[in-house]
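The values are calculated or read from the model by the stated rules, or taken from the named source; none is laboratory data. Just so you know, these numbers come straight off a predicted model, no measurement behind them. In this analysis, Cβ positions are derived from the backbone assuming ideal geometry, glycine residues included, and neighbour counts consider all displayed protein chains. Side chains are part of the model used for accessible areas, which takes the heavy atoms of the whole protein and leaves out ligands, DNA and RNA. Shrake-Rupley method; radii C 1.70, N 1.55, O 1.52, S 1.80 Å.
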Amino acid sequence: YVVVAHTFDDFLDHAAHFHRGNKKQEASVLAAIVLEDTLKKVAKRNEIEAANKALEQIIDELCEEDVITSVKARRIKGYAAVRNKALHAEWDEFDIRDVGELIKGTRDILSEYL
């Protein structure tokens with residue numbers, strides 16, 4: 001998990017670089033991928049099956065198993081909303097500040113849970 005976290009942190013560094021350059025699309029897609037894979041790894045680490053599940057369901061199960069709090073689950077669902085918009089190319093549905101929050105929040109999840 002440490003190696004994975006380090007690799008994901010590198011991806012987030014690239015996303016942050018794009019973010020600083022005001023490249024919303026590039027930054028959001030990279031951060032979105034890291035968020036999803038991170039949450040799946042957190043689930044696996046806590047013996048929660050994540051295969052073929054929507055991200056929101058994984059978040060709910062992490063909350064039900066007391067891996068994350070209900071407040072943190074709501075916050076992560078906000079990041080997941082940006083992820084969904086980015087991965088469906090709905091660029092007008094979020095702004096660069098949302099991407100910054102996605103990057104920061106994903107980094108927090110990585111450092112706290114992996």
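Tabulated data for the structure shown
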quantity	calculated
Count of residues meeting criterion [open to solvent by 70 Å² or more (accessible area, probe 1.4 Å), farther than 17 Å from Asp10 by Cβ and assigned to a helix (DSSP H, G or I)] in segment 86-111	5
Test: Asp37 is touching a residue at least 24 places away in the same chain (Cβ under 8 Å), among the acidic types (Asp, Glu), open to solvent by 10 Å² or more (accessible area, probe 1.4 Å) and not in a loop (DSSP other than H, G, I, E, B)	yes
Only one of Ala27, Ala80, Ala16, Ala73 that is open to solvent by less than 60 Å² (accessible area, probe 1.4 Å), within 14 Å of Gly105 (Cα to Cα), part of a helix (DSSP H, G or I) and in contact with a Leu (Cβ under 6 Å, 6 or more places away or on another chain)	Ala80
Residue identified as under 12 Å from the mean Cα position of the chain (by Cα) and of a type in the set (D, E, K, R) among Glu49, Glu56	Glu56
Residue match in segment 1-12 (condition: touching a His at 6+ places or on another chain (Cβ under 9 Å), buried (at least 22 other Cβ atoms within 10 Å of the Cβ) and in a helix (DSSP H, G or I))	no
Evaluation of Asp66 against (1) open to solvent by less than 50 Å² (accessible area, probe 1.4 Å); (2) farther than 16 Å from Ser111 by Cβ (one fails), failing number	(1)
